[in-house]
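Have a look at the structure below, then the notes.
The values are calculated or read from the model by the stated rules, or taken from the named source; none is laboratory data. What you see is a predicted model; the values in this text were computed from it and never measured. All Cβ positions, even for glycine, are placed from backbone atoms using ideal geometry, and neighbour counts span all protein chains on display. The accessibility values were calculated without ligands, DNA or RNA, using every heavy atom of the protein model including side chains. Shrake-Rupley method; radii C 1.70, N 1.55, O 1.52, S 1.80 Å.
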Amino acid sequence: MFEVYIHVPFCLRRCGYCDFNTYTATDLGAGASRGNYANMVIREMKLTKQWQLDHGIEEPPVSTVFFGGGTPTILAARDLVAMLDAVRKIWGIAPDAEITTEANPDTVNEYYINELAAGGFTRVSFGMQSAVPHVLKTLDRTHTPANVAAGVNAANKAGLRSSVDLIYGAPGESLDDWRTSVTTAIDLGVNHISAYALTVEPTTKMGRQIAAGTLPKPNDDDEAAKYEIADDLFAAAGLEWYEVSNWARPGYESQHNLGYWRNVDWAGLGPGAHSHYNAVTEADHPQSASLTAPAGGGCPADAGLGVVSVSHGLRSWDIAHPRLWGTAINENRVPWADSETITPEENLEELIMLGLRLHEGLDLDRINRAINDAGMSSTPQTLRNVSLDQLAPMVSEGLITVSDNHRVVPTRRGRLLNDSVIEQFFDFVGV
């Protein structure tokens, strides 16, 4: 599978809790403006495609496209459609592809959503966050619950799937406030809901308020109680958890996010976006001997293959600031800030971390194969296979279940203690 993520870094205002790579200015220089943004991303697509070809990467038609931000819907609908059309032209799009955009409920209406539907979008993820006015105010959100309902209704009429995102643990949010938000989201009739614990970074407005004592710090026990409330209410409404923070009716899971958790290939486009490739051919060629971006950011788009020397996994990330990102594109360079090789050991760690977040579970046989593959690498290591006997204590503690086909699935307690479960697996394996 191959996925495309497109980051739109513009917002009307910056929410107090937000630590994402977003900007409120309309023009950030070097062509990275709201009005010209689609053109810049399309140019990056072409550079990225050429880089893939130069490094032996032949991807299948795109299975999912996801527009995130920031606020993608701050751009004109025709701009989102133009970027989607470019994906179709450059890589091709699978017939049953999932095409999603995140949407601020303040920035869309029926006409906007109809234009998305006509342009090939299949899904809209609305940033609901809460249904309680004082919680929305604490989160610096300007929309109302009515805006969310109007957006979902418009998406339904246009034949698009809808999802809503919720945040729990905001300062001043009571358990009853959270129940209100969860039940309101369920009553919208959507088939997918995400619920994320609030994470407060010290550099954000909210982080500074908490440090100054003007807002209370989120409480782990409070967040755990709210997770259990959500899990119970979602389950009663027919929404099943399929990832630690995501619930859906069967068949309505986010295919794009599942791709991340299953460790597929994806290209990230836009300032700060990350890309991931499982197999990259590095060539014995002066221009392409290193896949790491040169000083100043950016990789040559025309690096030739030469003689193949090694194949490995790769993770890269775009330059974060839109002006510098745009400058690299204007200089005909893939706008990476940097990249890194994914070693077999790192790949193993990712497989464990991602697999233990999913309801489909961690495939123990696959992990042991990965351990054997890593053991044959040149890096010194002391990796060990995982046995069912080793897992017995975690089963008895109610952290995991193990199926007959050796899939390890976290229980609800295991989801709440997910970091601990992962750490125990790392200990078993020796990473």
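Need a quick list: helices (runs of 4 or more DSSP H) entirely within region 341-431 having at least 2 residues that are open to solvent by less than 30 Å² (accessible area, probe 1.4 Å) and more than 22 Å from Ala195 (Cβ to Cβ).
Numbers: elements: 344-355, 364-375, 388-396, 412-416, 418-429.
Qualifying helices (runs of 4 or more DSSP H): 344-355, 364-375, 388-396, 418-429.
Cβ-Cβ below 7 Å, separation at least six or inter-chain, first residue in region 237-259 and small (Gly, Ala, Ser), second in a helix (DSSP H, G or I): which pairs?
Ala237/Ile186
Quick check on region 174-193: of everything there that is among the hydroxyl-bearing types (Ser, Thr, Tyr) and touching a helix residue (DSSP H, G or I) at 6+ places or on another chain (Cβ under 8 Å), which residue is surrounded by the most Cβ atoms within 10 Å (Cβ to Cβ)?
Ser181
Quick check, is Asp54 touching a Pro at 6+ places or on another chain (Cβ under 9 Å), acidic (Asp, Glu) and modelled with pLDDT under 95?
So Asp54 fits the description; yes.
Quick one: in region 194-214, which of the residues that are closer than 23 Å to Glu102 by Cβ and in contact with a helix residue (DSSP H, G or I) (Cβ under 7 Å, 6 or more places away or on another chain) is most open to solvent (accessible area, probe 1.4 Å)?
Glu201
Rundown of residues vs (1) without any contact (Cβ under 8 Å) to a residue 24 or more places away in the chain; (2) open to solvent by 10 Å² or more (accessible area, probe 1.4 Å); (3) in contact with a helix residue (DSSP H, G or I) (Cβ under 8 Å, 6 or more places away or on another chain), yes/no style:
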{"site": "Tyr23", "(1), (2), (3)": "no, yes, yes"}
{"site": "Ala32", "(1), (2), (3)": "no, no, yes"}
{"site": "Tyr37", "(1), (2), (3)": "no, no, yes"}
{"site": "Asp54", "(1), (2), (3)": "no, yes, no"}
{"site": "Glu58", "(1), (2), (3)": "yes, yes, yes"}
{"site": "Ser63", "(1), (2), (3)": "no, yes, yes"}
{"site": "Phe66", "(1), (2), (3)": "no, yes, yes"}
{"site": "Val81", "(1), (2), (3)": "no, yes, yes"}
{"site": "Ala97", "(1), (2), (3)": "no, yes, no"}
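For region 39-52, which residues satisfy the criterion of being surrounded by 22 or more Cβ atoms within 10 Å (Cβ to Cβ) and either over 18 Å from Gly326 (Cβ atoms) or among the hydroxyl-bearing types (Ser, Thr, Tyr) (or both)?
Thr48 - this is the single residue of region 39-52 that is surrounded by 22 or more Cβ atoms within 10 Å (Cβ to Cβ) and either over 18 Å from Gly326 (Cβ atoms) or among the hydroxyl-bearing types (Ser, Thr, Tyr) (or both).
Tell me which helices (runs of 4 or more DSSP H) are completely within region 143-235 and hold 1 or more residues being polar (S, T, N, Q) and closer than 18 Å to Asn246 by Cβ, or say none if there are none.
Those helices (runs of 4 or more DSSP H) span 175-187.
State the number of residues belonging to region 324-340 that are buried (at least 16 other Cβ atoms within 10 Å of the Cβ), in contact (Cβ under 8 Å) with a residue 60 or more places away in the chain and in a helix (DSSP H, G or I).
5
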